[in-house]
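The values are calculated or read from the model by the stated rules, or taken from the named source; none is laboratory data. Bear in mind the structure is a predicted one, so any value in this text is a computation, not a measurement. Every residue, glycine as well, gets a Cβ built from its backbone with ideal geometry; the counts of neighbours run over all protein chains shown.
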């Protein structure tokens, strides 16, 4: 790559290297935040049922659901924001860097929405089913 082409490409990235590292972390949070929230929700809910059924604080399972839904929702927002930045910076989708940002943003939106729905589905079951019936 020539120096002129490198300078032109760098002009598309405000802030230089630090901005790219921050954007990469945000993109990976956007893609993996939803699956991580679902995994933590599933594991923590199964673990807490045995503890909370003996104490009567079963409502804490709803708090876990809301917390993990907030993590998945935050990941969806970050992915949406990064995708919109990529569209604004490179509307014709010519630069490889912005193509990757756009792809990861779209993937993060879908992954966060899907796994956020899985968190909701897991949380709804606590409303309709007695979680403590199998612990006896």
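Here are a few things to note about the model shown:
- Those residues of region 93-121 which are over 17 Å from residue 81 (Cα atoms) and touching a helix residue (DSSP H, G or I) at 6+ places or on another chain (Cβ under 6 Å), in sequence order: 115, 116, 118, 119
Every residue, every condition in (1) at pLDDT 90 or above; (2) farther than 30 Å from residue 133 by Cα, yes or no:
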{"position": "55", "(1), (2)": "no, no"}
{"position": "67", "(1), (2)": "yes, no"}
{"position": "82", "(1), (2)": "yes, yes"}
{"position": "103", "(1), (2)": "yes, yes"}
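- Search result, residues across region 53-80 that are under 18 Å from residue 28 (Cα atoms) and free of Cβ contacts under 8 Å to residues at least 24 places away in the same chain: 70, 77
- Residues located in region 103-121, provided they are closer than 18 Å to residue 43 by Cβ and buried (at least 18 other Cβ atoms within 10 Å of the Cβ): 115, 116, 118, 119
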